[in-house]
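Structure, as structure tokens:
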Amino acid sequence: MLKRVVLLVMMTGGIPLRGADVPAGGVDAGGVAVAAGSADGIGGEIAEKQRLFRGPGRHLIPEDWSEAAEKTLGERLRMKFALTYDALGLGTLGDGASGAASGDVALSLRWQLLAEQRRAPLALSWRLRNRHAYSDDAPSVVEGGRGLLWRLVDGFNDRGLEVPELYLEQQYFRKRMLLRWGQMAPDDLLDDHPLRSAKKQFLNQAFSSSPAVGFPGSGLGLMGRWHFREVADVTVSASNVQTGNLDDGARWRLESDALFQGVQGGWNFGDGQRLQLLVWRTDGLAVESLEADHGVSLTWSRVTDGGTRWFGRVAVADGGTVAATKFGAAGVSFRGRESDRWGVGISAGEDEHRSRDWQVAGESFYRWQLTPDLQVTGFAQAAAGDGVSAGRGWLLAAGVRTGLRF
């Protein structure tokens, strides 16, 4: 019955609710309304772009271009956007030396259909991206990474042109309730933490994604979040399963018998801390040879007044759609010189279906903010455990990531 309701909502474009409609999210440092969600989500990209372009320093892209685009789209059409390009070069050493490089260009757009001043504003969020490899293999499938339970890199594949997200978004009851429906990535609101961004923080899937949660990549569905003032919130999600989290793709399947469901409770308490518990289940997907799965993920995070960001996570799953059935990770990042940032993280896990042996992975990075719109990150990773690098037991990786925002 639940599957039929969700599919009906997806086909009709959502169920209008009585009462106040308000756009998603809050207000960033520049006074711009943005959607709630992860740093790599549509709202996060737009908020980051607004913050950087209002910050000090000489821009690589002429500021007049950005101001003209903001005036044309923002003032006349009530649109906010972020155009980004991220490139990655990665080399590994373990089972012989290998390397790969790829790029990711993405346009994130938020169109305010009903004005912010309305009791119930409505927004359309949309993302178009093109992922392409510069080498024979993309970094996400580099040969040196064979045998790892989870990937060295989240994203940075060779999927080509995709529309991973296209959804309507409203808020109700004085912004206490958020509702989304359409094509979306459930992990934009579920299982998030302040260090989870493969474009701005850690690259390894242990920190930039959820290797022990069977998210469907992106799918057609419905999400809702209720805020109990600023103390707690509850998020509910249901979407069809188009691809597995391990596939990292975005396909549009209007008909699907498989459904992902998740319920998350979050609690915000003193000194910028947050604790959240996600309970989820997903049906099997025969096309991807994935069996039904379920699990639990518990995440703690903290953001200090000085800008230090912490997170810790433990998760368990049955194992049909995930990279690890038992998993733990922790990480921290600090402010460096001016707008620079550096961090270090460590993780461990096992997949009971493939092996009883544990694997561990660690990563460190330093991100230079060369201009408000250009950042360069150097990183190093290490992984160890039985099965890594054709039985050698270890793997080293290092590389450079660049990011440009307009």
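The values are calculated or read from the model by the stated rules, or taken from the named source; none is laboratory data. Worth saying up front: this structure is predicted, and the values here are computed from it rather than measured. Positions of Cβ are backbone-derived with ideal geometry, glycine not excepted, and every protein chain shown enters the neighbour counts.
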Given the residues ALA24, ALA36, ALA97, ALA29, which is the only one that is under 30 Å from GLY393 (Cβ atoms), at pLDDT below 75 and either buried (at least 22 other Cβ atoms within 10 Å of the Cβ) or of a type outside the set (Phe, Trp, Tyr) (or both)?
ALA97
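The rows are residues; the columns are (1) under 30 Å from ARG54 (Cβ atoms); (2) hydrophobic (A, V, I, L, M, F, W, C).
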{"site": "LYS326", "(1), (2)": "no, no"}
{"site": "GLY343", "(1), (2)": "yes, no"}
{"site": "ILE346", "(1), (2)": "no, yes"}
{"site": "ASP351", "(1), (2)": "no, no"}
{"site": "PHE365", "(1), (2)": "yes, yes"}
{"site": "LEU370", "(1), (2)": "yes, yes"}
{"site": "LEU374", "(1), (2)": "yes, yes"}
{"site": "ALA398", "(1), (2)": "no, yes"}
Given the conditions (1) modelled with pLDDT under 85; (2) touching a helix residue (DSSP H, G or I) at 6+ places or on another chain (Cβ under 7 Å); (3) buried (at least 19 other Cβ atoms within 10 Å of the Cβ), every one holds for PHE260 apart from (1)
Taking only region 150-179 into account, find how many residues are surrounded by fewer than 21 Cβ atoms within 10 Å (Cβ to Cβ) and among the small types (Gly, Ala, Ser).
1
What is the number of the single condition among (1) without any contact (Cβ under 8 Å) to a residue 60 or more places away in the chain; (2) closer than 18 Å to GLU48 by Cα that ASP158 does not meet?
(2)
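Within the group LEU52, LEU90, which residue is crowded, with 18+ Cβ neighbours inside 10 Å, modelled with pLDDT under 85 and under 21 Å from the mean Cα position of the chain (by Cα)? Before the answer, list the steps.
Working: LEU90 fails: modelled with pLDDT under 85.
None of the others qualify; the one that does is LEU52.
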Being of a type in the set (Val, Ile, Thr) and modelled with pLDDT of 95 or more is the filter here, so list the residues in region 324-359 that pass it.
VAL332, VAL344, ILE346
Quick one: GLU48 ticks every box in (1) under 30 Å from VAL142 (Cβ atoms); (2) in a loop (DSSP other than H, G, I, E, B) except a single one, so which number is it?
(2)
Hits in region 219-236 - residues which are surrounded by 16 or more Cβ atoms within 10 Å (Cβ to Cβ) and closer than 19 Å to LEU166 by Cα:
GLY219, LEU220, GLY221, LEU222, MET223, GLY224, ARG225
Out of the residues in region 377-393 that are surrounded by fewer than 16 Cβ atoms within 10 Å (Cβ to Cβ) and at pLDDT 90 or above, which is nearest to THR84 (Cα to Cα)?
GLY378
Of the numbered conditions (1) β-branched (Val, Ile, Thr); (2) at pLDDT below 90; (3) in contact with a helix residue (DSSP H, G or I) (Cβ under 9 Å, 6 or more places away or on another chain), VAL142 fails exactly one; give the number of that condition.
(3)
Kindly indicate the residue of region 122-141 that is without any contact (Cβ under 8 Å) to a residue 60 or more places away in the chain and in contact with a Leu (Cβ under 7 Å, 6 or more places away or on another chain) and also nearest to ARG110 (Cα to Cα) among those meeting that condition.
LEU124
Cβ contacts < 6 Å: first residue among the basic types (Lys, Arg), restricted to region 49-73; second residue in a loop (DSSP other than H, G, I, E, B), any location; separation 6+ or different chain. Result?
ARG51/ALA29; ARG54/GLY30
Kindly indicate whether any position in region 343-356 is in contact (Cβ under 8 Å) with a residue 24 or more places away in the chain, under 28 Å from ALA232 (Cα atoms) and outside any strand (DSSP E or B).
no
Working only within region 184-200, note down all residues that are in contact with a helix residue (DSSP H, G or I) (Cβ under 9 Å, 6 or more places away or on another chain) and either in a loop (DSSP other than H, G, I, E, B) or surrounded by fewer than 22 Cβ atoms within 10 Å (Cβ to Cβ) (or both).
HIS193, LEU195, ARG196, SER197, ALA198, LYS199, LYS200
